[in-house]
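Read the figures in this text as sums done on the coordinates, not as results from a lab. All of these numbers come straight from a predicted model, not from anything done at the bench. In this analysis, Cβ positions are derived from the backbone assuming ideal geometry, glycine residues included, and neighbour counts consider all displayed protein chains.
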Amino acid sequence: MAQKEILSPREFVDEKNQQAPFAALSKTIGVDSTIRSQGIRSTVSTGVSDVLEATELSDDDKMTLHELLMVEIAPFLKTQKANSLSMIDLVTLGLVDNESVKAFFRCRGIDLTDERHFAYVKTVLSEAVSFYNSHIIKSKKHRVNPEISKFRTPEDVYRLFKTASGVEKFVSVPAACGILRIAAAIDHMERDPQANVLPIVKAHLEKLVSTYFKKEQSGKRKNLVFRSGVIGDIDIPIYRIELRQKDRPRVIAKLLRKPEQRTEQMLDRVGLRFTTKSALNTLKLVYHIFCRSQSAIFPVDKVMIGHSKNLLLDEDTIRAVLNDNRRAKRLFSSIAVDTFDDDNFLMDDDDDSDNDNPFSSSKYRGINVPFMLPLLDEDGYFIEFPIELQFTDIYSKKETDIHAPHCTYVEDQMKAVRRRVGKNNLRTEYESYLSKARGHSS
């Protein structure tokens, strides 16, 4: 049998660029992922049936058990690869000339001959290059070639896109594709209408903290406590309150790391973290600011149930542990999750002499409550904005500081970002093609 001739880089690039519109179509209508999903599910279902058939169960019991098992197994049948979930993961856009790049921008309402439009594109691409050089490459010697990282005229923009499509220097394809993927995340952020609301949200949260959390004199020291201002208030000692907002590079990284992520779905862009002095006080605080109608400062119906491992605790569950410190610790431990962040202190307890720097790292075990914050925008319209309220205590923070350092967590995240940005382009695909072709020929 005659061996199949191995394609040259140019032949491979031309073939993939010609296929680009059809690859985009298959993702658009979900053909590829649907077939794969149905095939794997069918195989697993057949296997389960074969196993049950060998038992002495009745046919009705076999059918019932089969359905139950498939329900349990279904969450593990993740058949879509990361690069099947987003259009920015296409191997190539097939933009091989200036006119096709112009058409690409025209669909986005951008005319590169317009100075204002070009200034926007230049800003987005320049930030993408900076992110690539700062967070993706491992050393300065791998910095992006100036030929595709300086944007003085529209011609420079055309060159970047054509390089990503393999028309220009083939060695620069991964960097060009990476820059365009990062730029897509930045462009999405810039076009997000909620971005303009962030300063209003932060101001609203700061006002809530200053209104309901007071420093009260107790002997020679001041205690930070929650006060709703209604009869029946109890002192809930607070160690620290922090306003937290993801910085821009971390938002970009999250958008790149999670293919399905959109900024409007990010529940942790801004929020508050409350640190109390015990697990019992943490649960009491959740109860009083959400569940107890007389003292609630956040409407409980705005909690986004199902977006967190720990769904908001109901009143009966909280009531059962409010006077039992041991049960409170067990409950807190069972529903807490690992969370990381570098935050800004809004308010803290003046006396920290009994704490050995409990905030030495950014990892902690806590209760996370995603929440739609109701407020007024600058024009007086009633709006909602997704935030995340986090609750922990100083002892849980101390314990988790010992185990997994924040730097390890961040590096693991960035590895995922680098994989997504640096893979699945014409050069890596050609290298994979060559490996397989040579393997078959030998």
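A few remarks follow.
- Its Cα gyration tensor gives the stretch 165-220 an equivalent ellipsoid. The semi-axes, each the square root of 5 times an eigenvalue, are 50, 16, 4 Å from largest down.
- Extension gain, His135 back to Met63 (0.36 nm per residue minus Cα-Cα distance, nm): 20.7 nm
- Per-residue Cβ neighbour rank within 10 angstrom, fewest leading, Val96, Val13: Val96, Val13
- Here the simple spin-label model places points 7 Å from the Cα toward Cβ, and for Val171 and Gln413 these points are separated by 3.4 nm.
- Gain on full stretching of the segment that runs from His142 to Leu434 - 0.36 nm per residue minus C-alpha separation: 102.7 nm
- Here Asp301 and Glu378 are evaluated by their C-beta separation; at R0 = 30 Å the FRET efficiency comes out at 0.75.
- Shape category assigned to the stretch 117-158 from the gyration tensor of Cα positions, a/c cut at 1.5: oblate
- In nm, spacing of pseudo-spin labels at Asn98 and Lys215 (7 Å Cα→C-beta vector): 6.4
- Checking the cross-link pairs Lys102/Lys140; Lys122/Lys415; Lys222/Lys302 against a 30 Å limit on the alpha carbon distance flags Lys102/Lys140; Lys222/Lys302 as lying beyond it.
- Label-point separation in nm, Ala195 to Glu53, each point 7 Å along Cα→Cβ: 5.7
- Each residue in Phe226, Phe382, Phe118 was given a count of other beta-carbon atoms within 10 angstrom of its own, and listing them fewest first yields Phe382, Phe118, Phe226.
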